[in-house]
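See below for the structure under consideration.
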Amino acid sequence: MGKGMRWDSKPLSLHYKHNHIFVKFGASILLLGLAFRLFSSDSIRISSVLEETHTPPLAEAEPKTESPVVFQPIQPPLSSVFPENGNHTSEIVAEKCDIFMGDWIADESGPAYTNESCHVIEVHQNCMRNGRPDSGYLYWRWNPRNCKLPRFNSERFLDVMRNKSWAFIGDSISRNHVQSLLCILSQVEQAIEVYHDEEYRSKRWHFPSHNFTLSVIWTPFLIKAAIFEDLNGVSSSEIQLYLDKIDEKWTEQYKYFDYAVIAGGKWFLKTAIYHENNNITGCHYCPGKNLTELGFDYAYRKALQLVLNFITSNDHKAFVFFRTTTPDHFENGEWFSGGNCNRTMPFKEGEVDMRDIDTIMRDIELEEAEKAVEIGSGNGVILKLLDTTRLSVLRPDGHPGPYRQFQPFAKDKNAKVQNDCLHWCLPGPIDSWNDLLMELVVNGEKYR
């Protein structure tokens, strides 16, 4: 097909009406010849068509109106691109989308549930009930840049999870996450709580209509630890952390789970004494103890290596997500020194940098997860990264702040109260983590 060739779809003018039959006959012969050439050719070039008719990626494509005489180029598969060689030949290079790179965009439809329609929200994350005055933080959704993220489909999720078991394993952020999932699913079926530990940190629920079991296991280090801290975070002694011993609280149950989301994180920043081979080998932030300062990064890497090795070498082949660290948004101090988070809008890309500590932790996570994914693939283990760090950095508006307590300013509008700038309001930004989870379970091969 010549580069200057163009089929005109406009009606013929009245001036040429008497030649109408001859034009139709000639066009038919030309079309027949062109079709024969296309089907008989060993290599079909569509460069001139691409120059004439630009088509957006499939994820953004508008419904097309059919033209009777213009040949449209074949649509590439989702997230595929033409090579940037200037020729735009029919050779297509498949490129998987990074679902964790994107922006928060305004969403007038709002959340899938409210604090009134969901009854499992813990008091500290029930921001609306506690009197948070603004609601704009509810009307944003995560939008990957080069692919489309469907909304969470509760009915389909429960159908896929029929007769299966899922566990969230980690610290209180994992508990925050599982509550979000419970709230979303409650719009289809209410779960029945069937177990909780003495402190109500570990729980289990059952969805009887689908025989689906959902658990959260509180193990903030994922490895063995002796913790001397009350529910308000006040410590009576240093944490004793055993870097070569995994926490059996979750490993003994692991064989019963079809799916798991595992995460470490902020607890490794606390003062701790490190044990290896039944000896004290060092610590993190223990002045006056005459111990070697090994640093939290040393312990975190050791812990992740132990945990990921357990998963990749296990005879039980669960579908496992490793979730990256969760950033906090304390400003003007920390949680114990008057820090707050009063912002009411998301950041845009480039307006905020990841904090050094979060960068260090996430780098360790990416390095160790990459090695584990390769090992696991050779052993029949499905291990995927749930990289929520960067998208969460952009949401300083999504935390309870002072509204971790009920009506904190009811008696004194200038009251000094402790802020929570780490956990997430429910509903809130954390709900998008479940959009990502479902998409990776259902269509995971589309993403890198």
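What follows draws every value from the coordinates through simple rules; no lab data is involved. Everything numeric here is computed off the predicted structure, so don't read it as measured data. Glycine also receives a Cβ, built like all others from the backbone with ideal geometry; neighbour counts cover every protein chain displayed.
Could you work out how much longer the chain between residue 417 and residue 194 gets when fully extended? Use 0.36 nm per residue separation minus the Cα distance between them, nm to one decimal.
Values: separation 223, 0.36 × 223 = 80.28 nm, distance 3.49 nm.
Separation in residues times 0.36 nm, less the Cα-Cα distance, equals 76.8 nm.
What ranking do 181-191, 108-118 get when scored by the average of other Cβ atoms within 10 Å per residue, highest first?
Values: 181-191: 19.8, 108-118: 14.8.
In decreasing order of mean packing, 181-191, 108-118 become 181-191, 108-118.
Expressed in nm to one decimal, what extension gain is obtained for the pair residue 109 and residue 245 from 0.36 nm per residue of sequence separation less their Cα-Cα distance? Don't skip to the end; give the middle numbers.
Working: separation 136, 0.36 × 136 = 48.96 nm, distance 4.69 nm.
Gain in length upon complete extension: 44.3 nm.
Once both labels are modelled 7 Å past Cα along the beta-carbon direction, what's the residue 151-residue 409 spacing in nm?
My value for the distance between the label points is 3.2 nm.
Residue 348 label point, 7 Å along Cα→Cβ, cut-off 20 Å on backbone N: hits in segment 385-408?
390-398
How many angstrom lie between the Cα centre of segment 105-125 and the Cα centre of segment 136-204?
For segment 105-125 versus segment 136-204, the Cα centre distance is 12 Å.
So, by mean Cβ neighbours within 10 angstrom, what's the order for 318-329, 297-308, 96-107 with the highest one leading? Write out the running numbers ahead of the final one.
Values: 318-329: 23.2, 297-308: 20.5, 96-107: 16.6.
Ranking the peptides 318-329, 297-308, 96-107 by packing returns 318-329, 297-308, 96-107.
So what's the net charge close to residue 426: Lys and Arg +1, Asp and Glu -1, counting the other residues with Cβ under 13 Å from its Cβ?
Details: positive: 129, 132, 175, 404; negative: 116, 122, 420, 431.
Computed value for this residue: 0.
Suppose R0 equals 22 Å. What FRET efficiency, 1/(1 + (r/R0)^6) with r the Cβ-Cβ distance, do residue 255 and residue 382 give to the nearest 0.05? Please list the in-between numbers first.
Working: r = 16 Å, r/R0 = 0.71.
It comes to 0.90.
Please compute the modelled spin-label separation between residue 293 and residue 160, points set 7 Å along Cα→Cβ, answer in nm with one decimal.
For residue 160 paired with residue 293, the spin-label model returns 4.6 nm.
How about residue 203: which aspartates and glutamates have a C-alpha closer than 14 Å to its C-alpha, ignoring those fewer than 8 places off in the same chain?
122, 171, 193
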